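Okay, so here's the structure we're looking at.
No lab work stands behind these numbers, since they all come straight from the coordinates. Please read these numbers as outputs of a predicted model, since none were measured by experiment. Counting neighbours? That spans all protein chains shown, and the Cβs are built from the backbone with ideal geometry, glycine included.
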Amino acid sequence: MEKKRSTVGERLHWAYANLGMAEMAVHKSSSKYSTLHFMVRAKFNKGLNDGTMSPRTMMKDQKVRMKLPMECIYCGASENLAIDHVVPRNRGGTDGGDNAVWACRSCNSSKSDQDLFEWWSKKRIGMPPLFVIRVYLKQAIEYFTSAARLEEPWTEATDTPYDLKWIPEEFLAPSELHFTLYHSRRQKEAEQDGGGNGG
Ligand SMILES: [Zn+2]
């Protein structure tokens, strides 16, 4: 049986391990998770909890950011774009590029200062793009690490700008997830090119 995740660190690390598994499965166009995926998740979770792995070095964002086109990360719109802080500044998010994505005016104003997952649960089906979840979780892990509060029971960390109850305990099947809209377009194009030529 899995150990109950009672501390802030355990909850955040479990989500990050789920994210790592989901990214791997989505990247390979798997429709569901395999035994290998679950093994990878367990390895990530253990490494993060015992400190032998770090969120920063496990999944790097810089190359992803260089490739992303100028479009709303949430809906794909290409007009009326502005910088959105994935974790709002008054919810503990940093002001740096690590926390910034392009968002259209409509998404930006409907999200406002809400928690990413809270907003998504009201407005949309499925889960936010995995890249955005990655940005969110890194911000959260960084916040609680620098505040030295990873060991606290997460249900008691209510005096922080984060509300950890919104973070999903399990991720959807990879067929229902995407890394970014741009990446899923590219993947579909590649699949069509691979299967459709020769005639
Ligand atoms: Zn949008």
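Details
- Filter result for the condition that a residue is within 16 Å of the ligand (Cβ to nearest atom), β-branched (Val, Ile, Thr) and surrounded by 21 or more Cβ atoms within 10 Å (Cβ to Cβ), over ILE83, ILE73: ILE73
- Within the range 47-63, one or more residues are among the aliphatic types (A, V, I, L, M) and not in a helix (DSSP H, G or I).
- In the range 55-70, of all residues being of a type outside the set (Val, Ile, Thr) and surrounded by 13 or more Cβ atoms within 10 Å (Cβ to Cβ), the one that is nearest to THR145 (Cα to Cα) corresponds to PRO55.
- For the range 98-126, the tally of residues that are within 16 Å of the chain's Cα centre (by Cα) and more than 16 Å from the ligand (Cβ to nearest atom) stands at 6.
- Some residue of the range 127-138 being surrounded by 13 or more Cβ atoms within 10 Å (Cβ to Cβ), free of Cβ contacts under 8 Å to residues at least 12 places away in the same chain, closer than 25 Å to MET66 by Cβ and out of contact with any strand residue (DSSP E or B) (no Cβ under 8 Å at 6 or more places or on another chain): no
- Neighbours by Cβ (under 7 Å, 6+ apart or cross-chain): first from the range 33-51, under 21 Å from GLY9 (Cβ atoms); second outside any loop (DSSP other than H, G, I, E, B) and small (Gly, Ala, Ser): VAL40/GLY20; ARG41/ALA17; ARG41/GLY20; PHE44/ALA17; PHE44/GLY20; ASN45/ALA17; LEU48/ALA17; ASN49/GLY9
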